[in-house]
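Peer 1: Quick one: the structure is below, and I'll ask about it shortly.
What follows draws every value from the coordinates through simple rules; no lab data is involved. This structure is a prediction, so every number in the text was calculated from the model and none was measured.
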Amino acid sequence: MTSILVTGYKSFELGIFQEKDERIKVIKKAIRHDFIRYFDEGVDWLIFMGNLGFEYWALQVAKELQEEYDFNIATIFTFANHGHNWNETNQIKLSEFKQVDFVKYSYQEYENPSQFRNYNQFLVDNTDGAYLFYDPENETNLKYLAQVMQEKDDYPIQFLTFDRLNEFLEDW
C-alpha cells in the first residue's frame, strides 16, 4: 500500500475567491497530470486534511479519476468540529471531504497548540510521501508541516510550484 498526503495553499492565500477563476483550471490540469503518474506508479491512497483551496480542487480531480483508476481517498481532519463555522457554500465543499472512503478526526476539539504539531507528525509518519503545492518564498502556516516532511528520512515530496503551473499554462 502506498499513501500520499495531498495539501497546499488555501484559496485565499492564492487570492482566489471564486470557483470560476481561470487559474483553478490550470491548477486542476497539473493535479490531474501528477495524480495519473502516481496511480501508474502504484499509489492507492490519497490522504487529505479537509482544507479549502488546493486540497478541495485536488479532491474534485481525485473523485473524477476514481472512475478510471483503482485507489482510495481518506480525509483526516484535525478536529471533529473542522469547518463548523464556514458559510453554506463551504459547508457543501466540506461535506465532499466527508464523502470519501475513510474519514477520521484526530481530536474532538482544540485544547492546545501541541495538537497541531502532533497532527502534522502523525500525517507524515503514516503516509509514504506528499504532494505539496507550496513555495517557501510564499510562506504560510504550511511551513510547519513542510518542515516535518523535510525532516523525515526517505519521505519524497513532490512540489507543485508556481513555475510548474506556468509551464502547464504555456503548454495549454
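Peer 1: Checking the cross-link filter: which lysines have an alpha carbon closer than 18 Å to that of K28, excluding same-chain neighbours under 8 positions apart?
Peer 2: Result set, ordered by chain and number: K10, K20, K63, K93.
Peer 1: Rounded to whole Å and ordered largest first, report the semi-axes of the equivalent ellipsoid of the chain derived from its Cα gyration tensor (root of 5λ).
Peer 2: 22, 19, 18
Peer 1: Could you give the distance between the Cα centres of region 30-57 and region 152-170, to the whole Å?
Peer 2: When both Cα centres are located, 12 Å separates them.
Peer 1: Relative contact order (percent) for the chain, with alpha-carbon contacts under 8 angstrom and 6 or more residues of separation?
Peer 2: 28
Peer 1: Do the sum for the chain: with -39,500 (n - 2.57) for every DSSP H run of n ≥ 4, divided by all residues, what is the mean residue ellipticity at 222 nm, to the nearest 500 deg cm²/dmol?
Peer 2: Here the helix-only value at 222 nm equals -13500 deg cm²/dmol.
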